[in-house]
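The values are calculated or read from the model by the stated rules, or taken from the named source; none is laboratory data. These numbers come from a predicted model, not from an experiment. So basically every Cβ, Gly included, is an ideal-geometry build from the backbone, and we count neighbours across all protein chains shown. Quick note on the areas: whole protein, heavy atoms, side chains included, nothing else; ligands and nucleic acids left out. Shrake-Rupley method; radii C 1.70, N 1.55, O 1.52, S 1.80 Å.
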Amino acid sequence: MTEHFHLNTPLLESVSMSKCAGTTVYLKMENSQPSGSFKIRGIGHMCQQLATQSKGVVCSSGGNAGMAAAYAARQMGVPATIVVPSSSPQVVIQRLQDQGAAVKVIGKVWDDANAEALRLAESEGLTYVPPFDHPLLWQGHASIMSEVAASLGPGVKPGAVVLSVGGGGLLCGVVQGLKDVGWAEVPVIAMETVGADCLNAAVKAGRVVTLDDITSEAKCLGAKTVCRQAFEYSQNGETPVLSELVTDEQALHAVETFLNEERVLVEMACGATLAAVYTGLVHRLQQEGRLPTPLRPLLLIVCGGSSIDVEQLNNLRNKLRT
Ligand code: PLV
């Protein structure tokens, strides 16, 4: 078996976030993966399983799944076509092209781009790589938890894991990974932004629902429908899933605070996770009795993301604050 494409990322303790949360905060730095986000874990795994003989892969993406597919394809010497919606900023399109991918911009949101990717897979005979809804992706993402368990060593178990939800692939992988390492009862705080809240809407409705539109600036969380497995994990299962929302402004503020304090720039999709600490959401969950007090260490999956640079950060500030 070929070696995998992802790295064993650093697990850092954040002093300033720990102060804010009132418990030790560990950051799993997935921003430092090749391709800029955790996505390479699942997508790299899936490409290695399915695409070695392929005449090409096609991936629909808000940006980061595409970055991972383009990276994996380049490593494998396979051509990649990435279909993104028009909401993807120029910086991510450029980065995809720099990875050697052909980029198609189709539709307004990811769901539109995905329809085109499925069509291309069929008509051109390409291997379709979905961004979040496939067991091979979840299996790849699950490696996050075995790395964390190895880094923390025996005797340290997180009190909760905080992560962002787009279509729910990361959530599925982490829930599976928690099971793999014997931590199935550790709750997961599943963060979304208002306007990209397909899991939260499904939890409220008690069934999978499709959002009318994506109105959040966290475009990489912008799947209109959560994958069924993620919804099922949120309903019943050994691992409690707490579905929580922050506003775009809170996510942006978190991105800025993280840049100031940790000197790392991440995109809005990741800001949703960071905001769970910076907004005091974790405290609120403790007050409501939904998380225990005192709380064992918090583990934040710093999912990363390539759809951000200084210019894009300024655009977001202008858009959200005027
Ligand atoms: N982004 C997907 C889906 O977009 C994509 O195509 O890139 N954090 C970051 C930085 C992400 O890019 C994503 C997903 C997530 C979190 C959420 O992961 P998911 O989709 O597995 O829940 C529409």
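A few notes on this one:
- Which numbered condition Pro79 misses (of (1) within 26 Å of Gly195 (Cβ to Cβ); (2) without any contact (Cβ under 8 Å) to a residue 60 or more places away in the chain; (3) out of contact with any Phe, Trp or Tyr (no Cβ under 9 Å at 6 or more places or on another chain)): (1)
- Exclusive hit being buried (at least 24 other Cβ atoms within 10 Å of the Cβ), of a type outside the set (D, E, K, R) and out of contact with any Phe, Trp or Tyr (no Cβ under 6 Å at 6 or more places or on another chain), set Val302, Val310: Val302
- Any hit, the stretch 310-320, residues being at pLDDT 95 or above, farther than 20 Å from Leu245 by Cβ and within 16 Å of the ligand (Cβ to nearest atom): yes
- Scope the stretch 144-154; condition touching an Asp or Glu at 6+ places or on another chain (Cβ under 9 Å) and surrounded by 19 or more Cβ atoms within 10 Å (Cβ to Cβ); matching residues: Ile144, Met145, Ala149
- When His141 is tested against (1) closer than 26 Å to Thr210 by Cα; (2) in the same structural domain as Cys220 (by TED's automatic domain parsing); (3) open to solvent by 10 Å² or more (accessible area, probe 1.4 Å); (4) of a type outside the set (Lys, Arg), only condition (3) is not met.
- The set of residues in the stretch 90-105 that are assigned to a loop (DSSP other than H, G, I, E, B) and buried (at least 18 other Cβ atoms within 10 Å of the Cβ) comprises Gln99, Ala101.
- Single match in Ser54, Ser87, Ser35 (criterion: within 13 Å of the ligand (Cβ to nearest atom) and surrounded by fewer than 24 Cβ atoms within 10 Å (Cβ to Cβ)): Ser87
- Filtering Leu281, Leu242 for residues that are within 16 Å of the ligand (Cβ to nearest atom), open to solvent by less than 60 Å² (accessible area, probe 1.4 Å) and assigned by TED's automatic domain parsing to the domain that holds Val186 leaves a single hit, Leu242.
- Looking only at residues of the stretch 198-215 that are touching a residue at least 40 places away in the same chain (Cβ under 8 Å) and surrounded by 23 or more Cβ atoms within 10 Å (Cβ to Cβ), we find that the one that is nearest to Lys108 (Cα to Cα) is Ile214.
- The stretch 56-82, residues that are out of contact with any strand residue (DSSP E or B) (no Cβ under 8 Å at 6 or more places or on another chain) and outside any helix (DSSP H, G or I): Gly77
- All conditions but one from (1) away from the ligand (no atom under 16 Å from the Cβ); (2) crowded, with 23+ Cβ neighbours inside 10 Å apply to Lys157; the one that does not is (2).
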